[in-house]
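A.B. asks: Could you have a look at this structure, given as structure tokens, before my questions?
The values are calculated or read from the model by the stated rules, or taken from the named source; none is laboratory data. Keep in mind that what you see is a predicted model, and the values were worked out from it rather than measured. All Cβ positions, even for glycine, are placed from backbone atoms using ideal geometry, and neighbour counts span all protein chains on display.
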Amino acid sequence: MSKCPPRLKMTNRLHVLRAEHRLTQEQLAREIGVTRATIGAIEGGGYNPSLELAFRLARFFNTEINAIFSVEEEK
Amino acid sequence: MKRWDSILLKVFLYGLPAVIILAIFSYSYGLGKHSQISDKLTLLNGFVGLTLALWMLLLIYLNIRLMFSGSFRNKVLARITFIKEADEREVMLTGKATKTTFLTSLAILIFLFFLSCFQVSFYRVPPEKAIDGKTRVVSLNFGFNLLKASRKGNPDETMQKTDIFSYTRLPLSSTGVILLLILWQIISYNFSMQRLIKDEHRLR
């Protein structure tokens with residue numbers, strides 16, 4: 001029987017990048033085309049964005065997805 | 001949504017208070033003594049009847065559009081049920097809340113179906129009809145009709161009996177059940193949505 005794969009936990013540096021660019025959640029949300037609550041949920045780890053939104057965020061900050069999002073195994 | 005539908009919807013909504021007033025007038029006209037009613041009032045009542053008939057035709061048309069037009073349904077029902085899908089996160093939350101609502105509604109429907117099929121009664125029969133000297137009887141029935149059928153005379157019912165407790169089918173009208181289910185859908189969806197948003201905040 002195959003072993004159950006370990007759960008992965010997504011972490012992100014969105015709040016750091018946002019602070020570096022001196023943007024409020026509202027401003028970033030408007031630029032990306034989502035609601036402020038969604039930016040808050042991503043930063044807080046309550047919501048994992050779709051690949052499309054992740055690419056949009058990476059493109060907006062002129063960086064790679066890996067520079068914003070990373071995964072680690074849940075203990 | 002077609003422009004025509006949008007106009008008719010506005011006529012329906014903005015005309016609603018006027019229609020209620022006209023319906024009250026029509027009802028009070030019906031209560032009045034005909035000998036005291038002037039010709040002008042009779043003419044006015046005819047106009048009110050025509051207006052109500054037109055408004056009802058509009059209601060039927062809008063109901064048909066709700067069933068067959070996807071865009072009209074999305075716009076009208078999404079507003080009535082407070083569905084918000086501003087971005088992908090809200091779409092995902094809506095999906096989860098809708099799933100919860102669908103499953104709970106299905107559970108309620110199954111329960112109501114069971115209640116509508118089930119019949120139980122405790123009653124006393126006269127001593128001459130008693131079986132083995134027992135005058136207290138428990139009767140359990142389970143069955144359903146797909147179509148409304150006229151009830152045939154049951155020999156048990158003609159028998160002289162005193163009901164102690166009797167439950168025969170759901171004590172709600174079909175209109176009442178439909179209205180309750182509509183309200184349930186809206187309440188359940190909004191409650192699930194609130195709970196999902198709270199869970200999201202708790203994870204932070």
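A.B. asks: Considering only the stretch B:178-204, how many residues are within 14 Å of another protein chain (Cβ to nearest Cβ) and assigned to a helix (DSSP H, G or I)?
C.D. replies: First, the residues of the stretch B:178-204 that are within 14 Å of another protein chain (Cβ to nearest Cβ): B:193-204.
Narrowing further to those that are assigned to a helix (DSSP H, G or I): B:193-203.
Qualifying residue count, the stretch B:178-204: 11.
A.B. asks: Look at A:I68 and say whether it is farther than 18 Å from A:L8 by Cβ and surrounded by 18 or more Cβ atoms within 10 Å (Cβ to Cβ). Spell out the reasoning first.
C.D. replies: Working: farther than 18 Å from A:L8 by Cβ: no; surrounded by 18 or more Cβ atoms within 10 Å (Cβ to Cβ): yes.
Against the criterion (farther than 18 Å from A:L8 by Cβ and surrounded by 18 or more Cβ atoms within 10 Å (Cβ to Cβ)), A:I68 does not qualify.
A.B. asks: Can you tell me which residue in the stretch B:46-62 is nearest to B:I7 (Cα to Cα), limited to those that are in contact with a helix residue (DSSP H, G or I) (Cβ under 8 Å, 6 or more places away or on another chain) and among the β-branched types (V, I, T)?
C.D. replies: First, the residues of the stretch B:46-62 that are in contact with a helix residue (DSSP H, G or I) (Cβ under 8 Å, 6 or more places away or on another chain): B:48-49, B:51-52, B:55, B:58-59, B:61-62.
Imposing the further condition that a residue be among the β-branched types (V, I, T) reduces the set to B:48, B:51.
On the way: B:V48: 22, B:T51: 17 Å.
Going through the qualifying residues, I end up with B:T51.
A.B. asks: Could you grab me the full set of residues in the stretch A:37-68 that are facing chain B (nearest Cβ under 10 Å) and either over 12 Å from the mean Cα position of the chain (by Cα) or assigned to a loop (DSSP other than H, G, I, E, B) (or both)? Walk me through it before giving the result.
C.D. replies: At the first step, the residues of the stretch A:37-68 found to be facing chain B (nearest Cβ under 10 Å) are A:37-50, A:52-53.
Of everything in the stretch A:37-68, those that are facing chain B (nearest Cβ under 10 Å) and either over 12 Å from the mean Cα position of the chain (by Cα) or assigned to a loop (DSSP other than H, G, I, E, B) (or both) turn out to be A:A37, A:G45, A:G46, A:Y47, A:N48, A:P49, A:S50.
A.B. asks: In this structure, does A:L8 turn out to be of a type outside the set (G, A, S) and at pLDDT 95 or above?
C.D. replies: Criteria not met by A:L8.
A.B. asks: From A:A58, A:A19, which residue is surrounded by 14 or more Cβ atoms within 10 Å (Cβ to Cβ) and of a type outside the set (V, I, T)? Explain how you work it out, then say what you get.
C.D. replies: Values: A:A19 fails: surrounded by 14 or more Cβ atoms within 10 Å (Cβ to Cβ).
Within the list A:A58, A:A19, the selection yields A:A58.
A.B. asks: Name the residue that is farthest from the other protein chains (Cβ to nearest Cβ), counting only residues in the stretch A:22-33 that are surrounded by 14 or more Cβ atoms within 10 Å (Cβ to Cβ) and out of contact with any helix residue (DSSP H, G or I) (no Cβ under 7 Å at 6 or more places or on another chain).
C.D. replies: A:L23
A.B. asks: What do you reckon, is B:A78 closer than 25 Å to A:A29 by Cα, over 25 Å from the mean Cα position of the chain (by Cα) and either more than 14 Å from every other protein chain (Cβ to nearest Cβ) or without any contact (Cβ under 8 Å) to a residue 60 or more places away in the chain (or both)? Steps first, answer last, please.
C.D. replies: On the way: closer than 25 Å to A:A29 by Cα: yes; over 25 Å from the mean Cα position of the chain (by Cα): no; either more than 14 Å from every other protein chain (Cβ to nearest Cβ) or without any contact (Cβ under 8 Å) to a residue 60 or more places away in the chain (or both): yes.
So B:A78 fails the test.
A.B. asks: Within the stretch B:53-112, how many residues turn out to be farther than 18 Å from A:Y47 by Cα, among the small types (G, A, S) and surrounded by 13 or more Cβ atoms within 10 Å (Cβ to Cβ)?
C.D. replies: 3
A.B. asks: What residue, among those in the stretch B:145-164 that are under 23 Å from B:L115 (Cβ atoms) and surrounded by 10 or more Cβ atoms within 10 Å (Cβ to Cβ), is modelled with the lowest pLDDT?
C.D. replies: Ranking the candidates gives B:D156 first.
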